[in-house]
Amino acid sequence: MPPRADDALATRADPLERILRQAEREADPQRQADAYFRALMLARSTREDMAPALVERLRSPRQPNTASLAQALSARRQHELLGVALELALARSDHAEIVQLLRLLAGGDAEQSALTGRARAMALGRLGEHWAAAQALMEVLAQPGVADAAAIATTVWRHLSRVSVAELNRQARAAAAPATAAWAALARDVYAGLTPSAAARTWRTWRARHPDHPAARHPPTVLAQPGARRRSIALLLPLTGELAGLGEEVRDGFLAAYLHGEPEDQNVTLYDTAGGAATDAYNRAVAHGADVVVGPLDKAAVAAIFALAPQLPLVALNTPARDAEAPKDAVQLALAVEDEAAAVRAALATSDLRRIVVFQNETSWAGRASANLAGDAGLDIVATGRLRDMAATTDVAAEALAVVESTARHAAIERLVGAELKFTPRRRDDVDAIVAFVEADELLALKPALEFHFAGDLPLYVWSRVPRGDAAANIRGVRVCDIPWRLFPNALHTEASAAFPARRVDSPMFALGVDGYRVANQLSRMTAHGESIAGSTGMLTLAANGRIHRELACAVAGDTAAPRAGS
């Protein structure tokens with residue numbers, strides 16, 4: 001950066017130019033730094049385009065191997081300067097600079113934390129670290145006499161709505177500060193609520209225990225606009241015919257959620273859609289005065305309902321057979337395998353694991369999941385092992401891990417030298433992690449094969465098709481990406497397990513039924529307010545095309561945080 005102001009600065013006869021001229025004349029570093037800092041504060045309100053140059057002038061060394069002017073500023077002003085630099089880095093989406101500035105802004109006294117808390121929260125939110133962003137603003141709200149406390153609290157709730165219920169539960173237990181733990185516990189219980197009325201009851205109970213907490217004055221924003229009351233819900237499912245088993249699982253999950261939610265003056269009516277009766281079922285639901293329709297389940301039935309241009313709010317439990325445009329008041333909640341692959345991909349990115357070996361079986365689902373990973377430019381799939389025959393699992397693992405090549409090289413060298421050489425086979429060393437899209441029995445064969453071929457130290461990521469019950473002990477340490485319903489404990493799951501067979505309760509279709517009830521009662525949160533919902537099948541977010549995106553969770557099998565994945 002040149003030591004003198006540029007020509008554009010020097011020719012402006014205004015207060016900013018006078019301060020800059022004064023800064024140029026100052027010989028004392030502290031006085032010069034203070035003058036440039038005043039210029040920066042003025043430029044933020046009058047000449048935003050000049051702010052980057054002024055930040056650079058303060059933060060850059062005046063000459064090689066010398067201190068920057070910023071070091072002559074007071075500790076408070078240094079902190080403010082970093083906050084401005086962070087705002088500018090956010091504006092230009094400079095990821096590396098954002099991360100560096102967040103490290104520099106960590107700590108500081110209470111006043112400094114209040115000054116930079118909002119900028120830190122904005123940056124952390126941009127990086128997807130929503131709990132940390134909320135926590136930064138909680139610290140601001142904890143200071144006395146905070147201006148715009150209501151607006152800050154609203155932003156806290158916006159960030160907390162993007163944190164999984166499992167993570168909120170962990171923070172509620174682990175947070176060092178009681179006030180922080182109380183924020184997390186309230187958010188966990190409110191966002192896990194199935195209906196707006198249940199969430200409101202939760203908050204009233206919590207407020208009675210924490211009357212002086214900031215959240216007692218600024219309740220969760222989801223409570224402010226609960227949306228239309230759903231007094232009559234029509235549930236359209238195949239209850240006879242070849243899809244009856246799946247329909248019954250969804251039905252049981254829906255009714256378990258209904259009974260757990262203890263709704264007031266709400267009724268549910270079931271309609272059988274088997275044998276092409278979906279449109280008739282929908283018309284009867286309308287005639288009977290339904291407020292919202294949930295279902296149908298199979299693709300053809302969804303397409304048939306869409307063709308009616310339905311006027312009632314509709315929560316379809318699948319996507320149509322063809323990529324038909326969804327009606328205005330319809331959303332689509334489906335169990336897509338691409339969501340599981342996306343969870344694996346996100347977990348790899350979080351741990352900065354880029355070079356992977358993929359194992360997949362011959363099912364179309366595994367093929368779609370693998371293709372989803374292959375389409376990520378941030379990943380390098382260095383090898384793919386295809387499991388076509390369980391008996392050949394060890395050989396497939398050896399081939400994918402290049403152990404076969406290692407053995408072949410050893411044999412070639414022995415032939416060249418004409419003697420036996422001491423040799424230990426080695427796997428390829430250019431792998432960060434292994435991903436397996438296989439069934440439970442195939443995983444039980446693959447895991448020991450990987451260990452035998454020296455890959456037991458590599459993190460192994462798998463999707464939802466994992467051994468459960470007693471067999472789950474054999475996959476301890478594996479990273480399982482699955483629906484939250486099966487990874488983390490919750491009261492509804494415990495309650496449902498006592499009323500239904502355990503195998504049915506653990507079914508993704510049962511969880512889909514739970515979320516069908518949840519979305520039907522909180523549809524306005526997604527459609528009118530654009531908020532995400534912490535669901536049993538994932539963090540649910542409505543996309544522009546009417547499809548609900550599911551963000552799944554990952555946990556380590558055998559970890560106490562994920563008992564159903566590893567015990």
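Scan region 271-330 residue by residue and report those that are at positive phi and crowded, with 22+ Cβ neighbours inside 10 Å.
295
Let me spell it out: the conditions are (1) touching a Leu at 6+ places or on another chain (Cβ under 6 Å); (2) without any contact (Cβ under 8 Å) to a residue 12 or more places away in the chain; (3) β-branched (Val, Ile, Thr), and residue 494 meets all of them except one. Which number is the exception?
(1)
For region 360-391, enumerate the residues that are of a type in the set (A, V, I, L, M, F, W, C) and within 25 Å of the chain's Cα centre (by Cα).
Those that are of a type in the set (A, V, I, L, M, F, W, C) and within 25 Å of the chain's Cα centre (by Cα): 365, 366, 369, 371, 373, 374, 377, 379, 381.
If you take the residues of region 114-144 that are closer than 21 Å to residue 182 by Cα and modelled with pLDDT under 80, which of them is surrounded by the most Cβ atoms within 10 Å (Cβ to Cβ)?
Applying the filter and picking the extreme gives 117.
List every residue pair whose Cβ atoms sit under 8 Å apart, with the two residues 6 or more apart in sequence or on different chains, where the first one lies in region 341-358 and is buried (at least 18 other Cβ atoms within 10 Å of the Cβ) and the second, anywhere, is basic (Lys, Arg) and assigned to a loop (DSSP other than H, G, I, E, B).
Partner pairs satisfying both residue conditions: 348/354.
Considering each of 137, 194 in turn, give the residue that is touching a residue at least 12 places away in the same chain (Cβ under 8 Å) and assigned to a loop (DSSP other than H, G, I, E, B).
The unique qualifying residue is 194.
Got a sec? Which of 88, 102 is closer than 16 Å to residue 117 by Cα and either part of a strand (DSSP E or B) or modelled with pLDDT of 80 or more (or both)?
88
As an exercise: evaluate residue 466 against (1) assigned to a loop (DSSP other than H, G, I, E, B); (2) surrounded by fewer than 23 Cβ atoms within 10 Å (Cβ to Cβ) and give the number of the one condition it does not meet.
With (1) assigned to a loop (DSSP other than H, G, I, E, B); (2) surrounded by fewer than 23 Cβ atoms within 10 Å (Cβ to Cβ) applied to residue 466, the lone miss is (2).
Filter region 395-406 down to residues that are under 35 Å from the mean Cα position of the chain (by Cα) and at pLDDT below 90 and give me whichever is surrounded by the fewest Cβ atoms within 10 Å (Cβ to Cβ).
Residues of region 395-406 under 35 Å from the mean Cα position of the chain (by Cα): 396-402.
Next, only the ones that are at pLDDT below 90 stay: 398-399, 401-402.
Working: 398: 21, 399: 16, 401: 26, 402: 22.
In this case the residue turns out to be 399.
Name the residues in region 481-497 that are surrounded by fewer than 18 Cβ atoms within 10 Å (Cβ to Cβ) and part of a helix (DSSP H, G or I), would you?
Result: 491, 494, 495, 497.
Report yes if residue 304 is among the small types (Gly, Ala, Ser), modelled with pLDDT under 95, part of a helix (DSSP H, G or I) and out of contact with any Ser or Thr (no Cβ under 9 Å at 6 or more places or on another chain), otherwise no.
no
On the basis of being among the hydrophobic types (A, V, I, L, M, F, W, C) and under 30 Å from residue 428 (Cβ atoms), does residue 292 make the cut?
Details: among the hydrophobic types (A, V, I, L, M, F, W, C): yes; under 30 Å from residue 428 (Cβ atoms): no.
Against the criterion (among the hydrophobic types (A, V, I, L, M, F, W, C) and under 30 Å from residue 428 (Cβ atoms)), residue 292 does not qualify.
Out of the helices (runs of 4 or more DSSP H) lying entirely within region 13-82, which hold 2 or more residues that are within 22 Å of residue 103 (Cα to Cα) and at pLDDT 85 or above?
Numbers: elements: 15-25, 29-46, 51-59.
Of the helices (runs of 4 or more DSSP H) lying wholly inside region 13-82, those with at least 2 residues that are within 22 Å of residue 103 (Cα to Cα) and at pLDDT 85 or above span 51-59.
Given (1) free of Cβ contacts under 8 Å to residues at least 60 places away in the same chain; (2) part of a loop (DSSP other than H, G, I, E, B); (3) buried (at least 17 other Cβ atoms within 10 Å of the Cβ), where does residue 176 come up short, assuming only one miss?
Looking at each condition in turn, residue 176 falls short on (3).
Restricting to region 498-530, give me the number of residues that are charged (D, E, K, R) and either surrounded by fewer than 24 Cβ atoms within 10 Å (Cβ to Cβ) or farther than 20 Å from residue 335 by Cα (or both). Spell out the reasoning first.
From region 498-530, those charged (D, E, K, R) are 503-504, 506, 515, 518, 525; that's our starting set.
If we keep only those that are either surrounded by fewer than 24 Cβ atoms within 10 Å (Cβ to Cβ) or farther than 20 Å from residue 335 by Cα (or both) too, we end up with 503-504, 506, 525.
Final tally of qualifying residues: 4.
Take the residues of region 426-444 that are surrounded by 17 or more Cβ atoms within 10 Å (Cβ to Cβ) and over 29 Å from the mean Cα position of the chain (by Cα): which is farthest from residue 381 (Cα to Cα)?
The extreme case among them is 427.
List the number of the failed condition for residue 268; all other conditions in (1) more than 30 Å from residue 189 (Cα to Cα); (2) of a type in the set (Val, Ile, Thr); (3) in contact with a Ser or Thr (Cβ under 9 Å, 6 or more places away or on another chain); (4) surrounded by fewer than 21 Cβ atoms within 10 Å (Cβ to Cβ) hold.
Single failed check for residue 268: (1).
The values are calculated or read from the model by the stated rules, or taken from the named source; none is laboratory data. Everything quoted here is computed from the prediction, not taken from an experiment. Backbone-built Cβ (ideal geometry, glycine too); neighbour counts: all protein chains shown.
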